Amino acid sequence: MAISVKLEAFEGPLDLLLHLIEKNKVDIYDIPIVEITEQYLDYIRQMETEDMNVMSEFLVMAATLIDIKCRMLLPKEVNEEGEEEDPREELVQKLLEYKMCKYMSLELRDRQVDASRNLYREQQLPQEVAAYKPPLDYDELIGDMNLNKLHELFKSIVRKQEDKIDPIRNKYGKIEKEEIDMDLKMLYVEAYAREHKTFSFRKLLEKQKSRAELIVTFLIILEMMKTGKIRISQEHIFDDILITSNVA
């Protein structure tokens with residue numbers, strides 16, 4: 001039996017389907033697809049519109065309903081879990097989502113209407129009331145605080161700041177990075193080796209003025225050994241190391 005409806009009453013194919021389901025008072029989870037499809041197609045036949053975008057949406061849904069109707073006549077498919085698949089499942093899920101969005105939009109519209117009825121009166125205070133400021137009782141504000149207590153409070157804060165200072169590192173003063181010219185140090189060691197020919201490694205290190213110079217001198221001795229400019233000898237373990245120069 002055909003139904004007489006108007007396009008303006010529905011916002012799209014899902015809105016029409018939801019109307020047909022509610023009109024026939026059927027369970028949305030168990031849609032009688034044959035009956036609903038026939039009623040939907042009757043509505044399509046009555047449509048009179050030149051808007052192809054609107055018409056195409058309703059035709060796509062009509063094709064979907066016919067496809068589901070055909071799949072309902074075939075043996076049911078089984079998924080990977082061994083359960084039978086319902087061809088209507090995807091359509092039901094879309095209808096439920098649309099129904100939820102539709103009801104939410106109606107609820108928001110009702111709240112908007114109710115909000116437009118609420119009127120608020122602006123605050124209107126007499127000028128003398130708005131300008132009034134309660135007087136301050138300075139005696140009550142200060143309480144039992146006096147100059148001596150303020151002084152004690154100041155000294156306690158200073159002590160806390162002094163406790164944060166490292167008593168040992170603070171005596172070092174400003175620590176500056178020591179710069180050593182590697183090339184000049186190399187020339188110095190080569191001149192020393194050329195002058196003494198054979199000399200004690202310990203005495204060479206003792207002539208250095210700082211730890212940084214000592215380390216640089218040690219590295220230069222290793223480099224000179226590598227390039228063959230000097231030879232190292234030691235008769236017994238823990239004896240002094242003797243350096244023989246090959247520098248011309």
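Inspect all residues belonging to region 67-80 and state whether any of them is under 42 Å from the mean Cα position of the chain (by Cα) and modelled with pLDDT under 80. Yes, region 67-80 contains a residue that is under 42 Å from the mean Cα position of the chain (by Cα) and modelled with pLDDT under 80.
All of (1) surrounded by 10 or more Cβ atoms within 10 Å (Cβ to Cβ); (2) in a loop (DSSP other than H, G, I, E, B) hold for Arg121 with one exception: (1).
So which of Ile33, Ile68 is over 13 Å from Leu16 (Cα atoms), in contact with a Ser or Thr (Cβ under 9 Å, 6 or more places away or on another chain) and free of Cβ contacts under 8 Å to residues at least 60 places away in the same chain? Lay out the reasoning, then the answer.
Values: Ile33 fails: in contact with a Ser or Thr (Cβ under 9 Å, 6 or more places away or on another chain).
Just one listed residue meets the conditions, Ile68.
Note on region 207-222: residues that are over 49 Å from the mean Cα position of the chain (by Cα) and either part of a helix (DSSP H, G or I) or surrounded by 15 or more Cβ atoms within 10 Å (Cβ to Cβ) (or both) total 8. Filtering region 47-100 to residues that are charged (D, E, K, R) and in a helix (DSSP H, G or I) leaves Glu57, Asp67, Lys69, Arg71, Glu89, Glu90, Lys94, Glu97, Lys99. Yes or no: region 101-108 includes at least one residue that is surrounded by 10 or more Cβ atoms within 10 Å (Cβ to Cβ) and in contact (Cβ under 8 Å) with a residue 60 or more places away in the chain. The answer is yes; a qualifying residue exists.
If we keep just the residues of region 224-240 that are touching a residue at least 12 places away in the same chain (Cβ under 8 Å) and surrounded by 13 or more Cβ atoms within 10 Å (Cβ to Cβ), which is farthest from Arg194 (Cα to Cα)? Let's see the steps before the verdict.
Step one: list which residues in region 224-240 are touching a residue at least 12 places away in the same chain (Cβ under 8 Å), which gives 224, 228-232, 240.
From what's left, surrounded by 13 or more Cβ atoms within 10 Å (Cβ to Cβ): 224, 229-232.
On the way: Met224: 13, Lys229: 10, Ile230: 10, Arg231: 13, Ile232: 15 Å.
The extreme case among them is Ile232.
Here Asn148 clears all of (1) modelled with pLDDT of 70 or more; (2) farther than 30 Å from Ile230 by Cβ; (3) under 51 Å from the mean Cα position of the chain (by Cα) except the condition numbered (3).
Checking Leu18, Leu7 one by one, the residue that is surrounded by 15 or more Cβ atoms within 10 Å (Cβ to Cβ), closer than 22 Å to Leu96 by Cα and at pLDDT below 80 is Leu7 and no other.
Taking the criterion of being farther than 20 Å from Gln234 by Cα and hydroxyl-bearing (Ser, Thr, Tyr), the only residue of region 193-210 that qualifies is Ser210.
The values are calculated or read from the model by the stated rules, or taken from the named source; none is laboratory data. What you are looking at is a predicted structure, and each value in this text was computed from that prediction instead of being measured. Neighbour counts run over all protein chains shown; Cβ positions are idealised from the backbone, glycine included.
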